[in-house]
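Student: After the C-alpha cells below, expect a handful of questions from me.
The values are calculated or read from the model by the stated rules, or taken from the named source; none is laboratory data. As the structure is a computational prediction, the values presented were derived from the model and not from experiment. Here the Cβ positions follow ideal geometry from the backbone for every residue, glycine too, while neighbour counts run over all protein chains shown.
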Amino acid sequence: MTGWVTGDLLRRVRDRLTADGSEPTPAAIAAAVRAEAGGVVGDAELLRVLHVLDTEFRGAGVLDAVLHEPGVTDVLVSGPDEVWVDRGRGLERADVRFDDDAAVRRLAGRLAVAAGRRLDDAQPWVDGRLPGVDSASFGVRLHAVLAPVARGGTCLSLRVLRPASQGLGALASAGTFADGAEDLVRRIVSRRVAFLVVGGTGTGKTTLLAALLGEVDPRERIVCVEDAAELAPAHPHVVTLVARPANVEGVGEVTVRDLVRQALRMRPDRIVVGEVRGPEVVDLLTALNTGHDGGAGTVHANSPEEVPARLEALAALGGLSRAALHSQLAAAVHVVLHTARLDDGRRVLASIGVVTPGDDGVCRVLPAWSRDAPTGPGRARLQELLGSEGAR
C-alpha cells in the first residue's frame, strides 16, 4: 500500500464501518478514513487512496475487473501474487495481485459473509454462492480455504455460473461434433434414450447437456435438479430445482437427493440431474426405472470406461450394493457421451459409448463412436437403441 494507507489503517476503518453498521459507500469510507487517520487529510491524498479502500470493501475487490471480463469462467487465488483466470483456453496468470495474504483472507472473509456463510479459524473453509457479476450470469460459486489448512496461504476460488443455453447448431458451428456425431446425439434425444454426459472439469458437460435438452419435444416437461443453477436449455417447459446448503446455524439444508425425490412428484416427462456426485445417484436410477425415459445427468469421469466404477462409489454412499447398482444401471442408462478439451481449447464430443451388462452382472461401457473411430464394438447396440436411421 502507498504512504499512510497501511494494513492497520484498513483494519481500523473496517472495524469502524462494521461497528456503525453503515453501508460502505465512498462517503462513509472517506469519513472513516478521516477519523482514523487523525482528522486532517488533504482532499487530493484522500482521492488517491479512496479507490484502494473502496476496492477493499466493495464487490470482489481487486478481482472485480477480472470477474467482469466476458468469457471468464474461473478466477483462482493461491497466493497474493498467484492469481489465475480461465477464459475458456485454460488457466492464465492474471495481471492483478494482493498486497499480502492478509488481504486475500480479508476478501475471502467478506465474500463468505456476503454468501451468508462463516469463515474463520474455527471454520477454515467455506462453500457458498454470491450474486451474479452481470445480468447474464446465475451467480458466482465461492470456495475458500484459510491457512494453515491451506499450507501456502489463503486459497480463493470463484466460478462464474453462466447459463448453459447454446443449441446444438451453435455447438456444431463451434466444432464440437465430428462427422456424424450431431445426427447421433439428436437421435438419442428424440428416441428418449437415457444418457449421461461425462468428462473432466471444464470440458463442456453442462453446455452439451443443455443443448441436448433444447432438442426435447416442447410438449414434454423437464424437471432439472442442480447443486448450482447452470442449465438454461432453450425449451418452453423447464422447471429447475436448486439445492441449498445449511445456514450458519447448521439448519435449512436442501440436498440434491431431496430434490430428486420431489421431482418425481412434479409430473416430469424427463428428470435431469445437473451433476451426479453423491447418493442422489440412487434416486436418479430409481426414477429412470419407473417410467421416466429420456432422463439425463452429468458425471465427473475421465473416460466412459470409468463410469460404472464411479457410479459404484457414489451408490455406496446411498447404501446401494454393487450388484444392485449394476442391475439398476443396466435398466436405467443406455448411452454415455464423453466430452473432452483439445489442446487448442475447444470442447468437443470425444466419444459415445453404450452401457452393456456382462454375463457376470457387471455393466461396462463399450465404445460405439469416437472422433478417431466412427465404428466401435458397441455400434450395433447403438443402432438397436436408435434405429437404423439414427445410426447411419
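Student: Hey, can you tell me all the residues within the range 103-127 that are touching a residue at least 40 places away in the same chain (Cβ under 8 Å), surrounded by 15 or more Cβ atoms within 10 Å (Cβ to Cβ) and assigned to a loop (DSSP other than H, G, I, E, B)?
Tutor: Answer for the range 103-127, where residues must be touching a residue at least 40 places away in the same chain (Cβ under 8 Å), surrounded by 15 or more Cβ atoms within 10 Å (Cβ to Cβ) and assigned to a loop (DSSP other than H, G, I, E, B): Arg117, Arg118.
Student: Now a separate question. Those residues that are assigned to a loop (DSSP other than H, G, I, E, B) and over 23 Å from the mean Cα position of the chain (by Cα), I need them from the range 171-208; list them, please.
Tutor: Within the range 171-208, Ala178, Asp179, Gly180, Arg191, Arg192, Val193 qualify.
Student: Residues to consider are Val225, Val242, Val276, Val248; find the one that is touching a residue at least 60 places away in the same chain (Cβ under 8 Å), within 26 Å of Gly167 (Cβ to Cβ) and either surrounded by fewer than 24 Cβ atoms within 10 Å (Cβ to Cβ) or within 16 Å of the chain's Cα centre (by Cα) (or both).
Tutor: Being touching a residue at least 60 places away in the same chain (Cβ under 8 Å), within 26 Å of Gly167 (Cβ to Cβ) and either surrounded by fewer than 24 Cβ atoms within 10 Å (Cβ to Cβ) or within 16 Å of the chain's Cα centre (by Cα) (or both) holds for just one of Val225, Val242, Val276, Val248, which is Val276.
Student: Cβ-Cβ below 6 Å, separation at least six or inter-chain, first residue in the range 63-77 and without any contact (Cβ under 8 Å) to a residue 24 or more places away in the chain, second surrounded by 14 or more Cβ atoms within 10 Å (Cβ to Cβ) and not hydroxyl-bearing (Ser, Thr, Tyr): which pairs?
Tutor: Gly71/Arg87; Gly71/Gly88
Student: To continue, here is another question. For Arg257, indicate whether it is surrounded by fewer than 17 Cβ atoms within 10 Å (Cβ to Cβ) and within 30 Å of Val113 (Cα to Cα).
Tutor: no
Student: Looking at the range 28-78, which of the residues that are at pLDDT below 65 and of a type in the set (Asp, Glu) is nearest to Leu130 (Cα to Cα)?
Tutor: That would be Glu56.
Student: If you don't mind, there's one more thing I want to ask. Return the pairs, sorted by first residue and then second, in which the second residue is among the charged types (D, E, K, R), the first residue lies in the range 83-101 and is touching a residue at least 24 places away in the same chain (Cβ under 8 Å), the beta carbons are less than 7 Å apart, and the residues are 6+ apart or on different chains.
Tutor: Hits for this filter: Asp86/Asp74; Arg97/Asp81.
Student: Name the pairs: first residue in the range 320-332 and in the same structural domain as Gly361 (by TED's automatic domain parsing) and among the aromatic types (Phe, Trp, Tyr), second residue part of a helix (DSSP H, G or I) and buried (at least 17 other Cβ atoms within 10 Å of the Cβ), Cβ to Cβ under 7 Å, at least 6 apart or on different chains?
Tutor: Hits for this filter: zero, empty list.
Student: Taking Leu337, is it under 23 Å from Gly175 (Cβ atoms) and at pLDDT 95 or above?
Tutor: The answer is yes for Leu337.
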